[in-house]
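Have a look at the structure below before the remarks.
Values in this text are rule-based calculations from the coordinates and carry no lab data. Fair warning: this is a prediction, and the values are worked out from it, not measured in the lab. Cβ: placed from backbone, ideal geometry, glycine included. Neighbour counts: every protein chain shown.
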Amino acid sequence: EVKTQGRHGYCFYAPEMSQRTAASQRIENVLRHALAHGELALQYQPKVDAKHGHIVGAEALLRLYVNGEELFTPDQFIPVAEDTGLIVSIGTWALREACLQARTWQRNGHPMSISVNVSPLQFQYAGFYERLDSILNETGLDPSLLELELTERTMMSGGDGTIRLLRRIRQRGVRLSLDDFGTGYNSLSYLKHFPVDALKIERAFVRDITQDAETAAITSAIIAMARSLNKDVIAEGVETEMQSRFLRDAGCSHMQGFLFGAPMKAEQFEERLAARST
Ligand code: C2E
Ligand code: MG
Ligand code: MG
Ligand code: MG
């Protein structure tokens, strides 16, 4: 049993802690196995333009299979990958795989921007730029079709070198977006400091805009200010027509969410592309 002994108390035994360790050890083993045996996969979620609802891009999202089953969600396994350093190999795999896929779509007449999530450790790890550069060279993907999604945590964690690195990536022609905007300590003033092309409004805001007047007001203000700084604004987690209409009227440029499509396998994504009449 755990006894809380005040702020500076000692705790010799915390069952939740050892349970968490066992769970994360299990996930670590699964991740190592998956990396070695090709049991990681990407799914692709449509990104649509807010005006017409046309698919203009895809976000690549990692999936982990254990004997063909998804036992763990990214919110469970990404933190373990981050803690163990495995994220560097996993993230590199995801980046290459996403670029290959986008290159295939480009070749098949569906030039499609691809967004890839990059975690803090992966981004800070020595040689991130070189690895990115060689993946672009190797796959031949037009760099302007690639967008890296970074969270505020990633951007804040790297010190002075971060802004230089962000600039270098952009000079290579790759786009940058600030993911989960609104969740961290980020304020709009950071948008001035970080050279990003787009920001993605966190799902929690989108969820509440039609319920809560304050959230609606804040979200509108975020969109307006981001637009005045010439950034794209992508709303995440759009599930209803009402949310979509609100966001479009507020000036949001792009949307993602179950209303337009959940993350899906590449083949399903291609069917969606083939079905669109443009
Ligand atoms: P994220 O980058 O913010 O991705 C959005 C998450 O919201 C995805 O969850 C997506 O499936 C989910 N989502 C999209 N639309 C809706 C909606 O309308 N309603 C609801 N309820 N959910 C929606 P997912 O795929 O489970 O990924 C969770 C997080 O894991 C991602 O958040 C990202 O931070 C991380 N992640 C996923 N793939 C990668 C990766 O390749 N590398 C890194 N470093 N992180 C990744
Ligand atoms: Mg993302
Ligand atoms: Mg997000
Ligand atoms: Mg998220």
For the chain, diffusion coefficient by Stokes-Einstein and Kirkwood Rh (Cα), 4 °C, 1.567 mPa s, µm²/s: 64
Take the Cα atoms of region 65-214, find their three principal axes, and give me the spread along each one in whole Å, biggest first. 47, 41, 37
The ³J(HN,Hα) series, computed from each phi in region 53-63 with the Karplus coefficients 6.51, -1.76 and 1.60 at θ = phi - 60°, rounded to the nearest Hz and given as x for glycine or proline, is x, 6, 5, 10, x, 9, 9, 7, 10, 5, 10
Quick one: Debye curve from the C-alpha atoms of region 212-276, no solvent, what's log10 I(q)/I(0) at q = 0.12, 0.16, 0.17, 0.22 Å⁻¹? -0.38, -0.61, -0.67, -0.91
What is the local net charge at Met225, summed over the other residues whose Cβ is closer than 11 Å to its Cβ (Lys, Arg +1; Asp, Glu -1)? +3
³J(HN,Hα) across region 115-121 via Karplus (A = 6.51, B = -1.76, C = 1.60, θ = phi - 60°), whole Hz, x for Gly/Pro? 9, 10, 7, 10, 8, x, 5
Based on C-alpha coordinates, I'd like the Rg and Dmax of region 148-271, in Å. 15.1, 44
Between the modelled labels at Thr21 and Glu138 (7 Å from Cα along Cα→Cβ) the distance in nm is 3.6
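How large is the Kirkwood hydrodynamic radius of region 141-210, in angstrom, based on all distinct alpha carbon pairs?
12.8
Determine the relative contact order of region 168-239: mean sequence separation of Cα pairs under 8 Å and six or more apart, normalised by residue count, in whole percent. Spell out each step's value before the answer.
Working: 88 pairs, mean separation 24.2, N = 72.
Worked out over region 168-239, it gives 34 percent.
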Taking region 73-116 on its own, what percent of its Cα-Cα pair distances exceed 14 Å? 57
Would you kindly give the portion of the calculated P(r) for region 20-82 that falls above 14 Å, as a percent of all Cα pairs? 61
Among the lysines in the chain, how many pairs, 8 or more places apart or on different chains, have alpha carbons under 19 Å apart? 8
